[in-house]
Amino acid sequence: MPTPPRVLAIAGSDSGGGAGIQADLKTMLALGVHGMTVICAVTAQNSVGVQGYWELPPEAVAAQLDSVLGDIGAQAIKTGMLASAVLVSTVCEALAEVAAPVVVDPVAVSKHGDSLISAGTLEAIRERLLPLATVVTPNLLEAGLLTGMQITDEAQMLTAARMINAMGPQWVLIKGGHLPGNPVDLLFGGDQLIRYPGQRITSVHTHGTGCTLASAIASRLAFGDDVPTAVQAAKDYVTGAIAAGFRLGAGIGPVDHGWRLRAGTGADR
């Protein structure tokens, strides 16, 4: 059998299995790529919140990066939870030597509102990580933290996208799902603006949507899609995963990463 495209997820572990590295690997399997990991932090979390997180030492993160990239390589890379400026710097040193597209999910706060980064991390993301990004995928809260502005409508989403694009990434995908009404995501790059309207899905079981979307984009980029095509394919996958989200524990359940497999449609190649 031919070797499938390889995608590396650099993120934190979610003990509840709905987000983080666990969501990344499930998404990659569902979309037909070989997922690999560099774990940067371990979290204790479940359906009701994050009870704690612990960073791995920078040397452990650097060793994982060296092991995977030095031997196996990657056709695309996705970053998620990087809890400190030191870890951002460690990751950026490795990514600066890699030609593969990089999808940055600038994780700052969990679905339950728990902070997942320490002081100085946002500045490091702006200054070191975003200039290496092929596409960055902030939600409205993350876009607000990166820009210092409050985003309450689509016009402000575009303003924020322009501001983030000026920080260095090739493309910015701002997710508008937290605004009222049917959601619209905006993809902005250079002089291109693409709107991705969608239908509002009534469900509280949305844990892991951000990680899943970023990993799905990275998976499609590994197959050779351009960024707008990869974003559309990823949104189609995530929309189905949200619609199939299920109850887990006493709080917010996860999206269903295996919805296509259970529906009998197989991996989307």
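Assuming A218 fulfils every condition listed in (1) in contact with a strand residue (DSSP E or B) (Cβ under 7 Å, 6 or more places away or on another chain); (2) more than 21 Å from A108 (Cα to Cα); (3) modelled with pLDDT of 95 or more apart from one, which condition is it?
Just one mismatch for A218, condition (2).
Considering each residue of segment 1-35, count those that are among the hydrophobic types (A, V, I, L, M, F, W, C), out of contact with any Lys or Arg (no Cβ under 6 Å at 6 or more places or on another chain) and closer than 24 Å to E93 by Cα, and give that number.
Residues meeting the conditions: 6.
Could you name every one of the helices (runs of 4 or more DSSP H) located completely within segment 207-269 that has at least 3 residues being within 13 Å of the chain's Cα centre (by Cα)?
Helices (runs of 4 or more DSSP H) meeting the threshold: 209-222, 227-243.
If only one of H178, H205 is modelled with pLDDT under 95 and in contact with a Leu (Cβ under 6 Å, 6 or more places away or on another chain), which one is it?
Result of the check over H178, H205: H178.
Taking the residues in segment 119-156 that are over 19 Å from the mean Cα position of the chain (by Cα) and within 26 Å of S15 (Cα to Cα) as candidates, determine which candidate is modelled with the lowest pLDDT.
Of everything passing the filter in segment 119-156, A119 is modelled with the lowest pLDDT.
For segment 245-257, enumerate the residues that are crowded, with 18+ Cβ neighbours inside 10 Å and closer than 11 Å to V204 by Cα.
G245, I252, G253, P254, V255
Can you name the residue in segment 162-174 that is in a loop (DSSP other than H, G, I, E, B) and on the phi < 0 side of the Ramachandran plot and is also surrounded by the fewest Cβ atoms within 10 Å (Cβ to Cβ) among such residues?
A166
I need the full set of residues from segment 34-60 which are surrounded by fewer than 19 Cβ atoms within 10 Å (Cβ to Cβ) and among the small types (G, A, S), in order please.
A44, S47, G49, G52, A60
What do you reckon, is I194 in contact with a helix residue (DSSP H, G or I) (Cβ under 6 Å, 6 or more places away or on another chain), surrounded by fewer than 24 Cβ atoms within 10 Å (Cβ to Cβ) and either outside any helix (DSSP H, G or I) or in contact (Cβ under 8 Å) with a residue 60 or more places away in the chain (or both)?
yes
Does T159 satisfy the criteria of being of a type in the set (S, T, Y) and modelled with pLDDT under 95?
no
Residues being surrounded by fewer than 24 Cβ atoms within 10 Å (Cβ to Cβ) and either closer than 18 Å to W259 by Cα or not charged (D, E, K, R) (or both): count how many of those fall in segment 1-15.
Residues that pass the stated criteria total 7.
It is to be established whether one or more residues within segment 45-58 are assigned to a helix (DSSP H, G or I), more than 22 Å from I117 (Cα to Cα) and not hydrophobic (A, V, I, L, M, F, W, C).
no
Does C40 satisfy being touching a residue at least 40 places away in the same chain (Cβ under 8 Å) and in a helix (DSSP H, G or I)?
Criteria not met by C40.
Looking for something farther than 18 Å from G210 by Cβ and either modelled with pLDDT of 95 or more or of a type outside the set (S, T, Y) (or both) - is there at least one such residue anywhere in segment 6-24?
Yes, because at least one residue in segment 6-24 is farther than 18 Å from G210 by Cβ and either modelled with pLDDT of 95 or more or of a type outside the set (S, T, Y) (or both).
Pick out the one residue from S13, S47 that is polar (S, T, N, Q), within 17 Å of the chain's Cα centre (by Cα) and closer than 20 Å to L248 by Cβ.
Result of the check over S13, S47: S13.
Across segment 213-241, what is the number of residues that are over 23 Å from G190 (Cα atoms) and surrounded by fewer than 23 Cβ atoms within 10 Å (Cβ to Cβ)?
Of the residues in that region, 4 qualify.
The values are calculated or read from the model by the stated rules, or taken from the named source; none is laboratory data. This is a predicted model, so every value here is computed, not measured. Positions of Cβ are generated from backbone atoms using ideal geometry, with glycine treated the same way; all protein chains shown enter the neighbour counts.
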